[in-house]
1. Between rounded, prolate and oblate, where does the stretch 132-202 land on the alpha carbon gyration tensor, with a ≥ b ≥ c its root eigenvalues, rounded for a/c under 1.5, else prolate if a/b exceeds b/c?
2. Relative contact order for the stretch 132-202 using alpha-carbon pairs under 8 Å, separation at least 6, rounded to a whole percent?
3. So how much slack lies between residue 163 and residue 183, counting 0.36 nm per residue of separation and subtracting their Cα-Cα distance, in nm?
4. Give me the number: length gained by fully extending residue 153 to residue 49, i.e. 0.36 nm times residue separation minus the C-alpha to C-alpha distance, one decimal in nm.
5. Which FRET efficiency value, to the nearest 0.05, is calculated for residue 197 and residue 106 with the Förster distance at 35 angstrom and r the Cβ-Cβ distance?
6. How do 71, 163 line up, fewest other C-beta atoms within 10 Å first?
7. Please arrange 50, 149 by counting, for each residue, the other beta carbons lying within 10 Å of its beta carbon, fewest first.
């Protein structure tokens, strides 16, 4: 075999080795990719989303004249809202379900509501805690105002109310943000004062 033939054979051998090596590398990369777990949504983000949905649903129910006298508990899990408690009538029950479905982000509604006012004084006492101006109502209303406001809707603010005093916790960008959130809370009916000592600037 002459020299040129030897070179040709050598070149083919080198090319074949390169192709085989490249193919092997590609297979290794694909195999590694197959073993890599698929990314999933952050659970904290999902929790925040569910919390926002719950707040919006509560605000809708408390703001509706046909529903607000009912005692309804709202729980949201991955966009699915479960309604439990007692509606004053079948009309109130239907209205509550429809209002919940109309809230942005709600995937479906699990209706576990009972109807009628025959649950006695215990139900009346529980329903009273949700009436306009109560601590529970104020907390829900303040959260709703913060969430719905174009300036503060992205703020991470925790709200708690005791005897009409609203306590705000969280971290905001600056003093203006703190003042804005305080102003929103003070405008809610039934609020006696707003405590912002729990708000940090960072």
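Bear in mind that the values in this text are calculations on the coordinates, not laboratory data. Predicted, not measured: the structure shown is a model, and the values here were computed from it. Using ideal geometry, Cβ is built from the backbone for each residue, glycine included, and neighbour counts are taken over all protein chains shown.
1. Prolate.
2. After rounding, I find 35 percent.
3. On the way: separation 20, 0.36 × 20 = 7.20 nm, distance 1.86 nm.
Full extension from residue 163 to residue 183 adds 5.3 nm.
4. Extra length available between residue 153 and residue 49 comes to 36.2 nm.
5. Numbers: r = 35 Å, r/R0 = 1.00.
Between residue 197 and residue 106 the formula returns 0.50.
6. Arranged by neighbour count, lowest to highest, 71, 163 become 163, 71.
7. The most exposed by this proxy come first: 149, 50.
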